[in-house]
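Novice: Structure below; questions to follow.
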Amino acid sequence: MKHILTRFTAIGTGAILFSVWPVQARNDYYTANFYSRGTDAASDIDRGDDEFEPFYIPVTDWSILPRVTLTATRDDNLFLDAQGTEDGTVVDLIPGVMAIYGRPDHNHLYADYGSIIPLYNSSDLLDDNPSHMLTLGGVYQTGKSQIQGRAGYRRLESLNTLVGARILKEDWIGDVEVEHRLTSKSSASIVGAVELHEFDDPEYVDYQRTYGAGRFYHRMTARSEAFVQGGVGRDDLDTKPDDFGDADFFDLSVGVRGKPSPKTSASGRVGHMWRKMDSAELNDVDDWIASLAGEANPFGLTTFSTELYSDIRPAINSAGSTTIDQRLSVGLMRRLFTERLRGNASVFLGVTDYQGPVAAPARFSESDPLVYDGREDQYWGYALGLDWWAQKNLSFGLAYSYVQNEGSQETGSESTDRTSYDSGRWTFRTSWNY
C-alpha cells in the first residue's frame, strides 16, 4: 500500500485552498460537523432553484440563513479501542445561523456559527458540554487586486483516526491572501496562515503553526489557472524541557485552481516539504505533501470526486515525533430516480509513518511506547449515504461509515494488536434548511 501511495503523493501538498479569479466563495471545512454547507448555501440564493434554494431573511444588504439538525449516532467502537469493548448512542441537536453581506460570487463578508448540543449520551465518559464553531470571512476585489481571508474557532470532541482515540480539541485558525494581477494571463500573491491547536487531555501535545508563502499564477483556460508556490513555516510545541520537537519547515509546490473544462473542477497543490528540527537529538524530516481535490460530472447525474492528501505534522501523542499521513479518497454522488433523492459513496486508503527519537522495539512489551521511530500504520475505510428532501427545506439523511486501522506493521503481533482497531458508525439526521 505504501508504494502505491508514494507514487500518488508525487503529484500531491498540505495547503491553503483559495478561490478562482473572479471571486468565488470558499467552502469552509470547519462547518463539516455542524451541518452547514457554508457559503455554498448562500450561493443557492441566486440560482433560483425550486428544489434547494435555502430559506433566508433579507435585511437590507444582508441575508440571514438559519438552520437546525437533529442527529442520532450509533458507534460500535466509541473510543477506537483495540478490543472494541464499548459501543454507544448519541443524540445531538445542532442549530446554526449564517449571515452574509453581499453575494458570495462577488465581494462579500460572512459569519457562520453552529453548535452541537448533546441531548443524550449512553456513556458517562463522553463530554456533556456543547461544541461550538465560528468562522468569519470575506472577499474584496478591485480592478486588478483582491484580498480574501478567514478566521475561525472550533471546540469539538470527535474521533481522531490518526491517534486512534476520541479527542476533545480546540482550534483557532486564520488565513489570508492578497493577490494582484500582473498581466491578462498572470498574477502574483502573498498568502499566510496561523493555527493554534489545544487538547483537553494533557497526554496530547498542544502546538502552533505559522506559515507564509508567495504564489505566481498563470491562466490555462478562461476559468482555470496553474501556479507555483514557495513557503516557509514554523511549528512551536508546548513541551518541556525547551519545547522539544519545535521545527522550521519550507516547501515548494505546483498547483491548480478553477475549472479546466466545463464539467471538471480542481483545486490544490502538490510538492515537497523539508522540516528542520531544532533539537540535535532529532533527525530532520522531508517527504511529499499534498492537498489536491477534483470533481467531474461527465454525464449530468453522477458527480465523481477524488482527493489526494499528505501532510507532515508534529505527532500530538508523542513529543518530538513527526507524523507523515498520506491518503487517497475516491467518491461519487448521484441523483436517484428524482431530484430530491441523492446517494453518495466513498472509499479511502492511507498510511501513516512516524519518525522520532525512539527506535522501534525488537520485541514489543507492555512497557514499550506506542509511538516510536519507524512505526507504520495502514488504514482504509468507506462511507455510504442517502439523502432525501421531503420538502424544499426539510431533508433526511442516513449514513454508514467504517474504518479499519492496522497499526505497527513492522514489529510483530504484540504491537499490532495494541495499536489496531476497527470502527463502524450509523448516523440518522433530520435537517431544516441544510
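We did not get these values from a lab; they are worked out from the coordinates using the rules stated. Nothing here was measured: the structure is a model prediction, and the numbers come from that model. Neighbour counts run over all protein chains shown; Cβ positions are idealised from the backbone, glycine included.
Novice: Under 22 Å Cα-Cα from K276, which lysines qualify once same-chain neighbours fewer than 8 residues away are excluded?
Specialist: Hits, sequence-local ones excluded: K240.
Novice: Over the chain, calculate the relative contact order: mean separation of alpha carbon pairs under 8 Å at least 6 apart, over the residue count, as a percent. Please list the in-between numbers first.
Specialist: On the way: 1215 pairs, mean separation 62.6, N = 434.
That works out to 14 percent.
Novice: Please turn the phi angles of the stretch 416-430 into ³J(HN,Hα) values with the Karplus equation 6.51 cos²θ - 1.76 cosθ + 1.60 (θ = phi - 60°), one per residue in order, whole Hz, x for glycine and proline.
Specialist: 4, 5, 6, 10, 9, 7, 9, 8, x, 9, 9, 9, 10, 10, 10
Novice: Skipping prolines and chain starts, which residues have an amide H placed within reach, meaning under 5 Å, of the one on A290, given they are 5 or more residues away or on another chain?
Specialist: Distant-sequence amide H within range of A290: T13, G14, S310, D311.
Novice: Which far-off residues, 5 or more places away or on another chain, put their amide H under 5 Å from the one on T239, with H placed in the peptide plane?
Specialist: Placed amide hydrogens put F244 under 5 Å from T239.
Novice: Now for a different question. Among (1) 35, 29, 21; (2) 73, 32, 14; (3) 37, 26, 22, which is the computed semi-axes √(5λ) of the Cα gyration tensor in Å?
Specialist: From the options (1) 35, 29, 21; (2) 73, 32, 14; (3) 37, 26, 22, the structure gives (1).
Novice: Please build a GNM for the chain, connecting alpha carbons under 10 Å apart, and tell me which residue among P262, P104, P314 fluctuates the most.
Specialist: P262
Novice: Taking the beta-carbon count within 10 Å as an exposure proxy, list M133, M333 from fewest neighbours to most. Don't skip to the answer; put the middle values down first.
Specialist: Details: M133 24, M333 18.
With the sparsest Cβ surroundings first, the list reads M333, M133.
Novice: Moving to a separate point now. Go ahead and estimate [θ] at 222 nm for the chain from helices alone: -39,500 (n - 2.57) per DSSP H run with n ≥ 4, summed, over the residue count, rounded to 500.
Specialist: On the way: 3 runs with 24 residues, N = 434.
For the chain, the value works out to -1500 deg cm²/dmol.
Novice: Taking a cut-off of 30 Å between Cα atoms, list the lysines near K263, but don't count ones fewer than 8 places away on the same chain.
Specialist: K144, K185, K392
Novice: Placing +1 at every Lys and Arg Cβ and -1 at every Asp and Glu Cβ, with all other atoms neutral, what dipole size does the chain have around its Cα centre, in debye to the nearest 20? Present the calculation step by step, with values, prior to reporting the outcome.
Specialist: Numbers: 40 positive and 63 negative charges, 525 e Å.
For the chain, the charge dipole is close to 2520 debye.
Novice: Which whole-Hz couplings ³J(HN,Hα) result when phi for each residue of the stretch 378-387 is put into the Karplus expression 6.51 cos²θ - 1.76 cosθ + 1.60, θ = phi - 60°, listed in order with x for Gly and Pro?
Specialist: After applying 6.51 cos²θ - 1.76 cosθ + 1.60, I find 10, 9, 7, x, 8, 9, 10, x, 9, 10 Hz.
Novice: In whole Hz, what ³J(HN,Hα) sequence does the stretch 30-44 give by Karplus (6.51, -1.76, 1.60; θ = phi - 60°), x for Gly and Pro?
Specialist: Using θ = phi - 60°, the values come out as 5, 7, 4, 8, 10, 6, 10, 8, x, 5, 4, 5, 5, 4, 5 Hz.
Novice: Here is a follow-up. Quick check on the exposure proxy: order E53, E179, E281 from fewest to most C-beta atoms within 10 angstrom.
Specialist: Working: E53 15, E179 20, E281 10.
Going from sparsest to densest Cβ surroundings: E281, E53, E179.
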